Amino acid sequence: MKTLALLLPLLAQEWEQSFDDADPEIRARAASVARLQDEVSILNLVNGLFLSRPQSEKIIALARETGGLRDATIRRHAALLKEFEAAMTELKKTLSACGHIPADLERRVQEKELEIKAARHAYAESLRAIEKRLCALLTPAQKRVVETFNPCIIPPHDLKDPVRVGQAQGEHRDLEDHLETFRNLPEKAWKPVAEALFEMYLSFEEKLLGSFEPEKRKAEMARLAKLVEKARAMNDQDFASEKGSLALEVIQPITEHQDKAQELTTYFLKASGGLSKPGKYLLNPRIVPLLEAKLRHECETRPVDLDAIAGADSCKSCGSPAPARQRVESLGAEPRIEEVTDWLELSGEAARKTREAVAGAQYDLLTMLSADREDGRNILSEFLRKLMAKQEAEAFVLLGLKAPGTEKTYFERLAEIKEAAESRIEEAAGAAKFEKYRAAGVDLFKIKVGSLRCGK
């Protein structure tokens with residue numbers, strides 16, 4: 001009976017595993033749920049800590065540093081394993097042939113084994129050094145919150161009474177917006193626009209995953225195009241319910257890399273004694289977009305004491321909880337349209353017309369730059385590629401070319417599009433608020449408006 005009792009959980013585990021593996025969609029959703037649970041749990045902890053802005057910014061920097069250390073270690077570890085595998089393969093062949101092991105081979109096997117152990121030890125030591133700097137940012141009260149924290153989906157009332165979260169806010173909003181924009185573009189325009197934006201995305205992927213061989217790059221472009229075609233084929237209701245899953249599919253190679261990296265981190269920490277809870281939760285690279293989103297949203301919090309929060313010794317304003325959200329006093333380089341209309345104190349019809357003017361201008365710019373040319377060039381793709389390579393002068397030279405179907409240059413057409421859009425903004429906002437907008441130097445084409453529609 002004892003043997004049977006031990007066996008039953010294993011059989012159940014095998015059945016559950018085979019059940020999840022039976023359907024790729026179930027497996028993908030299970031992975032998505034696991035990620036959301038992880039992120040919701042981190043958000044619950046962050047809400048309970050009531051981090052000041054300087055604390056949040058420093059934690060973001062440390063988590064980025066941790067992610068960079070981890071990624072570099074992964075690449076180093078992979079190279080060492082490859083060399084160790086080659087030495088072990090040679091050793092196996094020698095032993096299979098009952099031959100004498102050459103001194104050089106014996107030395108190589110031992111050296112590689114020691115190098116792998118040393119790399120693991122160095123990685124763990126580096127992580128603990130970062131963790132030490134992290135702990136110096138937190139107050140004693142915040143440390144107690146972290147030390148007593150258990151992962152949860154709905155936060156307990158005694159976690160310094162944070163705001164409850166029913167579910168995580170989608171952190172893939174920009175990707176969902178791009179997918180909807182591709183749905184809204186006409187048949188002739190979406191492919192060249194997608195090609196240009198895919199080039200930017202692949203450059204981002206390569207920073208994380210390493211340079212792609214030409215065939216891999218071609219395959220990745222085809223995979224992304226297929227996802228867009230899938231999105232375009234959906235009706236509005238299906239797309240609304242599936243756009244989150246499609247966004248996750250877009251970034252699947254990155255999330256797989258992050259998951260493998262997280263497994264490596266967990267393995268190394270277990271092998272070397274592990275980090276404390278502050279390091280485990282607050283150095284998790286997944287915290288970066290979550291904290292950045294909270295800083296952007298300037299989430300409102302209730303005043304709490306939390307032993308007077310005084311961490312981040314370089315911060316002169318620590319010691320008070322985050323202030324309630326106030327009207328934006330200045331705009332960043334790439335504000336969201338909601339920030340712009342809030343800053344201009346627009347609401348209702350005025351806010352809607354302003355958004356339509358900006359979205360319409362960006363829509364017209366995309367379709368103009370991606371329009372078919374007799375020479376077959378994709379000007380949008382070339383323009384973005386040069387900007388990414390920091391070749392601004394060369395990029396703007398392209399705008400001196402004549403736009404298809406007109407005697408005007410791209411630059412002249414861009415100026416017309418901008419003038420028409422700003423005329424609509426002035427009409428919606430009024431002269432005084434429009435002058436405030438003009439004085440701020442906001443780039444109309446860098447305002448984030450979500451999905452683009454022809455707002456005319």
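The values are calculated or read from the model by the stated rules, or taken from the named source; none is laboratory data. All values derive from a computational prediction rather than experimental measurement. Using ideal geometry, Cβ is built from the backbone for each residue, glycine included, and neighbour counts are taken over all protein chains shown.
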**OP:** Please verify whether the stretch 375-392 includes one or more residues that are at pLDDT 85 or above, more than 15 Å from A196 (Cβ to Cβ) and not in a loop (DSSP other than H, G, I, E, B).
**Re:** no
Original post:
Restricting attention to the stretch 115-138, does a residue exist that is closer than 30 Å to D38 by Cα, surrounded by 16 or more Cβ atoms within 10 Å (Cβ to Cβ) and modelled with pLDDT under 70?
Top reply: no
Subject >> Filter pass, A359 being modelled with pLDDT of 85 or more and out of contact with any Ser or Thr (no Cβ under 6 Å at 6 or more places or on another chain) >> reply: yes
Original post:
Looking at the stretch 273-283, is at least one residue among the hydroxyl-bearing types (S, T, Y) and modelled with pLDDT of 75 or more?
Top reply: yes
Original post:
Can you tell which of A415, A393, A428 is touching a residue at least 24 places away in the same chain (Cβ under 8 Å) and more than 21 Å from K188 (Cα to Cα)?
Top reply: A428
**OP:** Would you mind finding the one in E345, E427 that is surrounded by fewer than 20 Cβ atoms within 10 Å (Cβ to Cβ), outside the structural domain of H178 (by TED's automatic domain parsing) and either of a type in the set (G, A, S) or assigned to a helix (DSSP H, G or I) (or both)?
**Re:** E427
Original post:
Only one residue in L69, L91, L105, L80 is hydrophobic (A, V, I, L, M, F, W, C), surrounded by 13 or more Cβ atoms within 10 Å (Cβ to Cβ), in contact with a Ser or Thr (Cβ under 7 Å, 6 or more places away or on another chain) and more than 19 Å from L283 (Cβ to Cβ), so which one is that?
Top reply: L105
**OP:** From the list S211, S245, S203, pick out the single residue that is surrounded by fewer than 16 Cβ atoms within 10 Å (Cβ to Cβ) and not in a helix (DSSP H, G or I).
**Re:** S211
Subject >> Hey, L62 farther than 29 Å from H121 by Cα and either touching a residue at least 60 places away in the same chain (Cβ under 8 Å) or part of a helix (DSSP H, G or I) (or both) or not >> reply: no
